[in-house]
Amino acid sequence: MTREANPCREGDHGKFEMTDRDGWARLGKLHTATHVLNTPCLLPVINPNIRTVEPRELWERYGFEALITNSYVIWKHDNLKNQALEHGVHTLLDYPGVIMTDSGTFQNYVYGDVEVGVEEIVTFQREIGVDIATMLDVFGTPDMSKEEVEDAVNQTIDRAAVSIEAANGTLLNGPIQGGIHSDLRAQSAIGMSEHDFAVHPIGGIVPLMERQRYRELVEIILACREEIPWNRPIHIFGCGHPHLFPICVALGADLFDSAAYALFARDDRMLMPWGTVKLGDLTEFPISTEALAGHTPASVMALSDDARCELLARHNLEITASELARCRQAIRDGSIWRLVEERSHTNAALREATEYLYENMPEGLISATNPLRDGGVRTSQDLPTSPPAIAALGRLLTSYQTDAKRGILISGASGPWRDKIGGLVHTIARRWPDAEVFIETPLGLLPYSFEDVSPWTHLMGPKSIWNSLSDEDRRFDLEAMMGEIEQHVHISFDNGKQKNLEIIESEFGNGEDEEIEKIDIDRRMIEDKVRYFLDVQPEISKQYMSGSSFVYSRTHRVRNVHSSDGEHLLSPRMRDGGLSLTLEGARRLHGAGTPTVVVNDDSVPFTRKGRNVMHGFILQVKGDLTPGLPCLIEDQNGVFLGHGVSMCTSQEAACFTKGIAIKVREGIGE
Ligand code: GUN
């Protein structure tokens with residue numbers, strides 16, 4: 001297959017845009033002069049002296065859009081150096097895609113001193129026409145003293161300005177060092193971010209990965225992530241084992257590079273999505289790749305050393321490429337955390353790292369996650385803590401406040417719950433109007449108003465997960481949402497309505513018999529969603545919904561919500577339990593707390609026509625944008641222009657300069 005490179009437009013050189021995302025995991029495009037690179041991706045390491053697989057094949061046959069080679073190796077060998085200087089590095093390697101070069105730092109770490117100067121090596125990379133060069137950073141190792149590592153961090157920062165100057169417009173990697181010290185990693189990320197680097201590799205981690213110290217790898221990525229500007233790609237230097245891709249991608253990694261495919265092949269080791277396998281241990285191949293077609297382990301064993309090494313390298317490349325494709329697809333599908341969980345069971349060190357991450361899930365990652373999912377979430381008892389999508393709604397609900405004095409907690413079944421207890425909830429509302437119904441889920445208690453919100457309503461797992469909360473968990477959740485509880489009662493779906501009513505009666509007494517219609521209950525549920533999904537205060541939500549009327553579907557679900565004066569305000573979405581505003585519904589919320597972006601004058605006519613808000617045109621964000629949730633748009637004078645769904649967080653809106661920031665649903669017109 002002949003593939004054409006796709007050079008960036010002139011004004012876009014060096015820009016990174018996000019095209020899809022799930023939490024911190026993102027699909028992106030890095031705009032380089034040679035080609036617009038799709039991320040997350042892996043750059044195979046090419047040794048210009050020993051090419052196990054030809055670079056052209058990497059591009060044409062395996063679809064690798066970028067590779068990394070070492071400029072120091074080219075610089076040291078006169079024949080390579082002269083060719084590169086004369087014809088450029090793309091011709092030297094016969095590769096039409098993005099070429100990144102490293103600087104000799106790693107050689108310095110492995111072999112001691114390198115002879116090249118800080119500016120000299122960057123200048124050389126520019127002269128041979130690389131797309132992304134790397135400055136000569138100082139490698140900090142896990143076994144150095146903290147003082148030594150700090151010195152490496154500071155020396156690297158001190159070299160940043162001259163390196164940028166020498167790059168003179170060539171895109172440059174600014175590696176983050178700091179060993180295993182989170183504070184030094186953060187210090188390094190902050191210091192390096194002040195300079196105009198195109199990409200930030202996280203460096204100094206190869207020794208950790210070689211010893212499978214994956215928990216520390218996670219700690220390092222966590223320490224750096226929020227200190228690196230969101231609009232710059234993050235590269236995990238030297239990370240090429242496919243089983244690490246999902247967790248790194250979930251934490252925001254965009255680029256990987258690896259020599260593992262070739263190095264492992266030399267030792268007859270085969271990469272698999274779940275780990276490494278020795279060729280000699282196999283009687284059959286547990287996976288099929290193009291490289292292995294027509295072979296058995298014995299027939300590969302019988303090949304000459306060179307032929308076997310090449311065949312295994314090709315297999316390793318195929319696995320690596322497909323595992324990254326799997327991660328990219330998982331980002332689109334909203335299932336990257338499922339993949340993290342699955343891969344965590346393939347290796348004890350990776351499991352430990354994943355558990356560490358579950359226990360230390362950054363608040364910023366949770367708030368960058370769309371709490372609503374289209375599909376279900378598979379769960380089991382070994383996933384007690386939440387993937388961020390669930391934590392994201394959990395976060396909304398921990399701020400859940402209710403005036404109710406008494407709680408009724410119902411457990412023992414999966415959703416959708418309205419069919420199972422809709423009638424019971426209505427009776428409770430009539431007889432005990434000061435009580436609030438909560439559904440027990442394996443991930444905590446859910447106020448009944450959110451009963452159709454996905455993924456909670458679509459949690460899939462064995463029956464055992466539906467009775468997994470302890471009394472202590474229940475009390476904790478109830479108190480979080482209700483404050484000091486006066487009284488609560490615990491019932492079960494299995495009992496049936498009559499028995500459950502008797503249990504409530506025995507605790508709460510006979511109760512009243514208020515005139516409450518189904519519409520009042522539905523209104524209350526939508527009021528709650530307006531509060532939490534549109535970020536408005538309870539009084540405002542009440543006022544907004546006051547006197548509203550509904551259009552119902554044939555299955556008695558609210559399809560459209562109309563204001564007291566007959567305007568269509570919003571429609572609850574059957575697909576995920578979220579709310580879709582109408583233009584009038586959005587206009588009436590303007591100024592009431594719903595997150596709002598202020599766009600500059602250039603973009604006003606476009607927004608009015610309903611065109612998307614692009615990054616670079618946002619002057620300010622009022623409130624906190626959540627990807628996937630509604631937001632409003634206004635001009636600099638505070639005039640309402642339209643509404644849409646945010647693709648980004650407020651922090652991202654403040655720094656990205658390319659790509660869609662807000663998918664606009666409707667503008668007010670010209
Ligand atoms: N390759 C693997 N780790 C590193 C690192 O820390 N710095 C550089 N420049 N290259 C690397």
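The values are calculated or read from the model by the stated rules, or taken from the named source; none is laboratory data. These numbers come from a predicted model, not from an experiment. When we count neighbours, we look across all protein chains shown, and the Cβ atoms used for this are built from the backbone with ideal geometry, even at glycine. In case anyone asks, the SASA skips ligands and DNA or RNA and just uses the protein heavy atoms, side chains included. Shrake-Rupley method; radii C 1.70, N 1.55, O 1.52, S 1.80 Å.
Key figures for this structure:
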{"item": "Options Val138, Val118, Val110, Val153: the member that is of a type outside the set (Gly, Ala, Ser), without any contact (Cβ under 8 Å) to a residue 12 or more places away in the chain and more than 27 Å from Cys8 (Cα to Cα)", "result": "Val110"}
{"item": "Any hit, the range 336-348, residues being assigned to a helix (DSSP H, G or I), of a type in the set (Val, Ile, Thr) and more than 17 Å from Asp268 (Cβ to Cβ)", "result": "yes"}
{"item": "Qualifying residue in the range 95-109 (condition: over 36 Å from the mean Cα position of the chain (by Cα) and either buried (at least 23 other Cβ atoms within 10 Å of the Cβ) or within 21 Å of Asn173 (Cβ to Cβ) (or both))", "result": "no"}
{"item": "Within the range 34-78, considering residues that are aromatic (Phe, Trp, Tyr) and part of a helix (DSSP H, G or I), the one farthest from the chain's Cα centre (by Cα)", "result": "Trp75"}
{"item": "Enumeration of residues in the range 168-183 that are open to solvent by less than 20 Å² (accessible area, probe 1.4 Å) and within 14 Å of the ligand (Cβ to nearest atom)", "result": "Leu172, Asn173, Gly174, Pro175, Ile176, Gln177, Gly178, Gly179"}
{"item": "Residues of the range 588-612 that turn out to be part of a loop (DSSP other than H, G, I, E, B) and of a type in the set (A, V, I, L, M), as a count", "result": "2"}
{"item": "Hits in the range 138-156 - residues which are under 17 Å from His195 (Cα atoms), within 14 Å of the ligand (Cβ to nearest atom) and open to solvent by 10 Å² or more (accessible area, probe 1.4 Å)", "result": "Val138, Gln155"}
{"item": "Where Glu216 falls short, out of the listed (1) over 19 Å from His243 (Cα atoms); (2) away from the ligand (no atom under 13 Å from the Cβ)", "result": "(1)"}
{"item": "Restricting the range 319-346 to residues that are at pLDDT 95 or above, open to solvent by 10 Å² or more (accessible area, probe 1.4 Å) and touching a helix residue (DSSP H, G or I) at 6+ places or on another chain (Cβ under 9 Å), the residue that is farthest from Leu372 (Cα to Cα)", "result": "Ser322"}
{"item": "Single unsatisfied condition, Glu210 versus (1) open to solvent by 10 Å² or more (accessible area, probe 1.4 Å); (2) without any contact (Cβ under 8 Å) to a residue 60 or more places away in the chain; (3) within 22 Å of the chain's Cα centre (by Cα); (4) within 12 Å of the ligand (Cβ to nearest atom)", "result": "(3)"}
{"item": "Which listed residue, of Val110, Val116, is modelled with pLDDT under 95, within 16 Å of the ligand (Cβ to nearest atom) and either in contact with a Leu (Cβ under 6 Å, 6 or more places away or on another chain) or outside any helix (DSSP H, G or I) (or both)", "result": "Val116"}
{"item": "Test: residue in the range 132-144 that is assigned to a helix (DSSP H, G or I) and hydrophobic (A, V, I, L, M, F, W, C)", "result": "no"}
{"item": "Residue count, the range 189-207 (criterion: surrounded by fewer than 21 Cβ atoms within 10 Å (Cβ to Cβ) and within 12 Å of the ligand (Cβ to nearest atom))", "result": "2"}
{"item": "Options Ala661, Ala654: the member that is small (Gly, Ala, Ser), within 24 Å of Arg21 (Cα to Cα) and open to solvent by less than 50 Å² (accessible area, probe 1.4 Å)", "result": "Ala661"}
{"item": "Residues located in the range 229-247, provided they are farther than 14 Å from Ala260 by Cα, in contact (Cβ under 8 Å) with a residue 40 or more places away in the chain and surrounded by 23 or more Cβ atoms within 10 Å (Cβ to Cβ)", "result": "Pro233, His235, Pro246, Ile247"}
{"item": "Helices (runs of 4 or more DSSP H) wholly inside the range 191-296 containing at least 2 residues that are touching a strand residue (DSSP E or B) at 6+ places or on another chain (Cβ under 7 Å) and aromatic (Phe, Trp, Tyr)", "result": "260-266"}
{"item": "Pairs, first at pLDDT 90 or above and assigned to a strand (DSSP E or B) in the range 436-458, second of a type in the set (Gly, Ala, Ser) and open to solvent by 10 Å² or more (accessible area, probe 1.4 Å), C-beta under 9 Å, six or more apart", "result": "Glu436/Ala404; Val437/Ala429; Ile439/Ala413; Ile439/Gly415"}
{"item": "Any hit, the range 83-90, residues being surrounded by 20 or more Cβ atoms within 10 Å (Cβ to Cβ), at pLDDT 95 or above, closer than 30 Å to Glu226 by Cα and of a type in the set (Val, Ile, Thr)", "result": "no"}
{"item": "Residues located in the range 94-107, provided they are more than 16 Å from the ligand (Cβ to nearest atom) and assigned to a strand (DSSP E or B)", "result": "Val98"}
{"item": "Conditions (1) more than 24 Å from Asp20 (Cα to Cα); (2) under 25 Å from the mean Cα position of the chain (by Cα); number of the one not met by Ser580", "result": "(1)"}
{"item": "Residues that are part of a helix (DSSP H, G or I), open to solvent by less than 60 Å² (accessible area, probe 1.4 Å) and in contact with a helix residue (DSSP H, G or I) (Cβ under 9 Å, 6 or more places away or on another chain), drawn from the range 521-537", "result": "Ile521, Arg523, Met525, Ile526, Glu527, Asp528, Lys529, Val530, Arg531, Tyr532, Phe533"}
{"item": "Among (1) in contact (Cβ under 8 Å) with a residue 24 or more places away in the chain; (2) part of a helix (DSSP H, G or I); (3) in contact with a Gly (Cβ under 9 Å, 6 or more places away or on another chain); (4) within 16 Å of the ligand (Cβ to nearest atom), the one test that Ala186 misses", "result": "(4)"}
{"item": "Residues that are surrounded by 13 or more Cβ atoms within 10 Å (Cβ to Cβ) and either under 37 Å from the mean Cα position of the chain (by Cα) or among the hydrophobic types (A, V, I, L, M, F, W, C) (or both), drawn from the range 277-296", "result": "Val277, Leu279, Leu282, Phe285, Ile287, Thr289, Ala291, Leu292"}
{"item": "Count of residues meeting criterion [away from the ligand (no atom under 14 Å from the Cβ) and more than 30 Å from the chain's Cα centre (by Cα)] in the range 157-166", "result": "5"}
{"item": "Sole residue being among the charged types (D, E, K, R), more than 18 Å from Val45 (Cα to Cα) and modelled with pLDDT of 95 or more, chosen from Asp254, Asp268", "result": "Asp268"}
{"item": "Sole residue being without any contact (Cβ under 8 Å) to a residue 40 or more places away in the chain and open to solvent by less than 20 Å² (accessible area, probe 1.4 Å), chosen from Ser541, Ser546, Ser564, Ser571", "result": "Ser541"}
